[in-house]
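Q: One structure is given below, represented as C-alpha cells, and several questions about it will come after.
The values are calculated or read from the model by the stated rules, or taken from the named source; none is laboratory data. Owing to the predicted nature of the structure, the values given are computational and were not obtained by experimental measurement. Here Cβ is always computed from backbone atoms with ideal geometry, including for glycine, and neighbour counts include all displayed protein chains.
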Amino acid sequence: MGLWDKLMGEFVDIIQWIDDSNDTLVYRFERHGNEIKFGAKLTVREGQVAVLVNEGQLADTFEPGLYELKTNNLPILSTMQGWRHGFESPFKAEVYFFSTRRFTDLKWGTQNPVMLRDAEFGPVRLRAFGSYAIRVKDAPTFLREIVGTDGRFTTDEITNQLRNMVVSRFANILGQAKIPALDLAGNYDQLGQFLLQRIAPEFAAVGLELTNLLVENISLPKEVEAVLDKRTSMGIAGNLDQYTQFQAAEALRDAAANPGGGSEALNMGLGLAMAQRLSETLGRSAQSAPPSAASPSAPPPVTPPPLPAANPYFVAINNQQAGPFPMDELQRQAQAGQLTRATLVWTQGMTKWTPAGEVTELAALFAHLPPPLPGT
C-alpha cells in the first residue's frame, strides 16, 4: 500500500462490508496497519455479524446495527489494551465480517459406492447424492475452529470437509436402516431428516448450523440397473410363450417385407427356423393352457361321431306295457329273473310283440341262463 493509501486510510472512519458474491462466508476488512480511528463508525447489516480481533485475541462481537468505536464502548478491548482512562488515539484491531444468511444448494455425494447387504439382491453397491444448506451460527467459534486468519473465506474451502461428514454418516445410517434397495425411493425424506438430526451437532461444533439436508437419489450400479431393467421387461411382457410368438411373427413379417436383405437361402433358413420355433411354442401353449384359455381363432378339435346305441325295448309285464328300457336295464332284469325268454318285447321295426328269446339282439342276455325244462 502506497503513501497516498496510508494517508487516505487515516481519514477513513467507516467500516462496513457490502458483499457482491454468493459464496463468501467471512471477509476481513482491510485497513493500513489494521489501525482503526477513535470514533470510527462500524456498520453491520442484517445477515451479518462483525468480530474484532486484537493481537490474535477475540475482543468484541457486534450484531446488526451502527456502532461508534470508542474506548468507553469497547469494554473487552479496553481491558485488553489497559485503557483505564479515555484514549483517543487510533488503535489496532482486525475486523472480520461473517455472513449469517443461508448458503443453499450445496452438494454432497458418494465418490465411491457404499457396500451394503440387501435382503433381495444380496451384496449391492449404492451411490447417493443430494444437497444441503448451512449458515454461520456462532461466529467466534467458526473463526477459532475453521477460518483462522483467512482474509476471505468461501464455501469452496469447507464444502469438501462437510461433504465427507455427510457421506460418512449417511453410509452408517443406510447400513443400519436395512431398507430394501427397491424401497429406498419411498424413504428419501425420512433418511434426510434422520441424517440431519444425526450430524447437526457436528456442524454446531465448528460454529455452523445445518438448516436442511436432502437425499435426492440413491442408485444401483449401471450393470445391476441393466439386469433389473430386463427383469422389469419380463414382468411387463407377461406370458413368455405369448411374447415369443409375437416376436417370431414380427420377425417373419419383417423378413417377408425385406426379401433383398440377404441371400434367398439365408432368408429361407431364417424363415424355417422361426416357423419351427413358433410351432414348438404353439404346441407347448396348447398343452399347458386349460381348454378355456385356448385361442378363439384356433380350429376346434376333431372328435369321432358317437357309437350307435341299441334300440330300447318295450316289455310286457303282467299284461301291461312298460318301458322302453335300454339294453343295460334289460340285462339287469334278465339277471334278476324279471325278463325271461318268454317275456314279450317290442321295439321300433318289429311287426308284433315277440318273445325275448326269439329276438337275436336280446339272445345274448340269456346265454348264462339254462333253457326252460321240457314240457313247461
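Q: What pairs come up if the first residue lies in the stretch 144-157 and is within 13 Å of V51 (Cβ to Cβ), the second is assigned to a strand (DSSP E or B), and their beta carbons are under 6 Å apart, counting only those six or more places apart or on different chains?
A: V147/V26; V147/F153; F153/L25; F153/V26
Q: Go through the stretch 97-145 residue by residue and tally those that are more than 27 Å from A185 (Cβ to Cβ), touching a helix residue (DSSP H, G or I) at 6+ places or on another chain (Cβ under 7 Å) and either among the hydrophobic types (A, V, I, L, M, F, W, C) or not assigned by TED's automatic domain parsing to the domain that holds V206 (or both).
A: Of the residues in the stretch 97-145, 3 are more than 27 Å from A185 (Cβ to Cβ), touching a helix residue (DSSP H, G or I) at 6+ places or on another chain (Cβ under 7 Å) and either among the hydrophobic types (A, V, I, L, M, F, W, C) or not assigned by TED's automatic domain parsing to the domain that holds V206 (or both).
Q: Please state which of the following conditions R101 fails to meet, knowing it meets all the rest: (1) under 21 Å from L208 (Cβ atoms); (2) not in a loop (DSSP other than H, G, I, E, B).
A: Every listed condition holds for R101 apart from (2).
Matching residues to (1) in the same structural domain as P140 (by TED's automatic domain parsing); (2) at pLDDT below 90; (3) touching an Asp or Glu at 6+ places or on another chain (Cβ under 7 Å); (4) closer than 18 Å to V136 by Cβ:
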position: G39; (1), (2), (3), (4): no, yes, yes, no
position: R45; (1), (2), (3), (4): no, no, no, yes
position: V53; (1), (2), (3), (4): no, yes, yes, yes
position: P64; (1), (2), (3), (4): no, no, yes, yes
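Q: Could you tell me which numbered condition K107 fails, if it satisfies all but one of (1) assigned to a loop (DSSP other than H, G, I, E, B); (2) farther than 30 Å from H32 by Cα?
A: Just one mismatch for K107, condition (1).
Q: Also: Output the residues belonging to the stretch 181-209 that are more than 17 Å from Y132 (Cα to Cα) and in contact with an Asp or Glu (Cβ under 6 Å, 6 or more places away or on another chain).
A: A181, the sole residue that qualifies.
Q: Taking the stated definitions as given, is R169 in a helix (DSSP H, G or I), of a type in the set (K, R) and outside the structural domain of N22 (by TED's automatic domain parsing)?
A: So R169 fits the description; yes.
Q: One residue is enough: does the stretch 121-139 have a residue meeting the conditions surrounded by 14 or more Cβ atoms within 10 Å (Cβ to Cβ) and assigned to a helix (DSSP H, G or I)?
A: Yes, the conditions are met somewhere in the stretch 121-139.
Q: Separate question: Just wondering, is there one or more residues in the stretch 178-195 that are under 30 Å from L58 (Cβ atoms), in contact with a strand residue (DSSP E or B) (Cβ under 9 Å, 6 or more places away or on another chain), modelled with pLDDT of 90 or more and in a helix (DSSP H, G or I)?
A: no
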